[in-house]
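A.B. asks: Could you have a look at this structure, given as structure tokens, before my questions?
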Amino acid sequence: MVPSLHWLLLLWGLQGLCAQDYEDDYEEEVVTTRKKSRQFPSNSIPQNGKALIDEDCGLELAFLIDSSESAKDNHAQEKRFASDVMTRLQGLRLQTGRGLSSRVALLQYSSHVIIEQTFKQWRGPDDFKARIAPIVYIGHGTYTTYAITNLTRIYLEESAPSSIKVAVLLFDGVSHPRNPDIFSAVADAKNQGVRFFTIGITPEANEPANIAQLRLIASSPASRYLHNLQDRGIVDKVIKEITALADEGCPLAQSKCACDKGERGPSGPPGKKGRPGEDGTPGLRGQKGPQGPQGVQGERGPLGEGLPGPKRLASGVLGFFLLLLLLLPLDRRCDRGFADGVLALEERSSHDVSRQAPDSQELSSNITLFPHH
């Protein structure tokens, strides 16, 4: 029995030793797994060994400064506004935690366009301030279309496909009469993904005709993209809207999941009906139409009524006396005085046809020419 007991004790000791080694291995594996799970913060997603939160959102911002004759008193304020906006954008972080990496272009326009800086020439905010401070006021006509077409070319040649593209147009709303079609130029830029802020530079820019022009250039909705340089807190307003655009255009990307794709979930309830959009601005007044065809000739009017003319009246008086002469006896017709009176009356009527009809006094004087027997 003694050897059997020894074998039992030996087997029991070996079993306890194996169980201890298994517990040690399990504990070490659990600790290693926890350490791996703490390598990434909870608000970031790993991709290719790097968190997306470390990648900045690209912003390409262009300022178009009005340097025309009507902007003389506001040129320095325009430059200061652009410099302040650029300073405020530095070090800005989005709601997703991502930074904002900006590149800025600068153009000023009047009768011609001067490209002060392109995106490739961007060297930081200090260099930008050094470029914008000495630019000289031009002071000619306002040819806004040329500034926009030059801006579109810069975006096409130098812009990154995934960047947020924003143009800030400083403008009083009044272009030169010979300025080409501005709306087609704006449409070409918007087709490249450019968002337009229009900033009226004078209080007169808020007049109905001018603000209608600015509203048509600005992106929609106008309440977000249309402002005035004289508004209080204008820099804060523009920074707020640019930040919102970057949050919308640079969301935190989702990494690809290595797990199996699950089944499609049920459809959600329909959303609420959206708010009606803002009323559009009235269109520009159309040109005068061509002249209409000539009308049909009207019918002839009725015959008017009037008094007989002097010639007709004199002829009537003469005829009356001739009739009276025929009716008188022959001895009366041969009377010298009566014949002289008729001849005198005939001579007077023939030489004074244009006179008015004789009044009753003249007729009575003529009648007295006849002798009474």
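Values in this text are rule-based calculations from the coordinates and carry no lab data. Everything numeric here is computed off the predicted structure, so don't read it as measured data. All Cβ positions, even for glycine, are placed from backbone atoms using ideal geometry, and neighbour counts span all protein chains on display.
A.B. asks: Restricting to Cα atoms and excluding each atom paired with itself, what does the Kirkwood estimate give for the stretch 138-293 in Å?
C.D. replies: Result for the stretch 138-293 stands at 18.9 Å.
A.B. asks: Divide the volume of the convex hull of the Cα atoms of the stretch 184-245 by its number of residues and quote the answer in cubic angstrom per residue.
C.D. replies: Values: hull volume 5.0 nm³, N = 62.
Spelled out: Cα convex hull of the stretch 184-245, divided by residues, is 81 Å³.
A.B. asks: While we're here: Please find the FRET efficiency linking S162 to R80, where r is the Cβ-Cβ separation and R0 is fixed at 35 Å, and quote it to the nearest 0.05.
C.D. replies: Calculated transfer efficiency: 0.65.
A.B. asks: Right, something else. Across 10 Å bins from the origin, how do the percents of Cα pairs in the stretch 102-212 run, short distances first?
C.D. replies: Going from the shortest bin to the longest, the percentages are 13, 43, 35, 9, 0.
A.B. asks: On to the next question. Quickly rank 149-158, 84-93, 290-299 as a protection proxy: mean count of other C-beta atoms within 10 Å, highest first. It would help to have the intermediate numbers written out before the result.
C.D. replies: Values: 149-158: 16.8, 84-93: 15.1, 290-299: 6.0.
By packing density, highest mean first, the sequence is 149-158, 84-93, 290-299.
A.B. asks: I would also like to ask the following. If you take every residue apart from K237 with its C-beta less than 11 Å away from the C-beta of K237, what net charge results, scoring Lys and Arg +1 and Asp and Glu -1?
C.D. replies: Its environment carries a net charge of 0.
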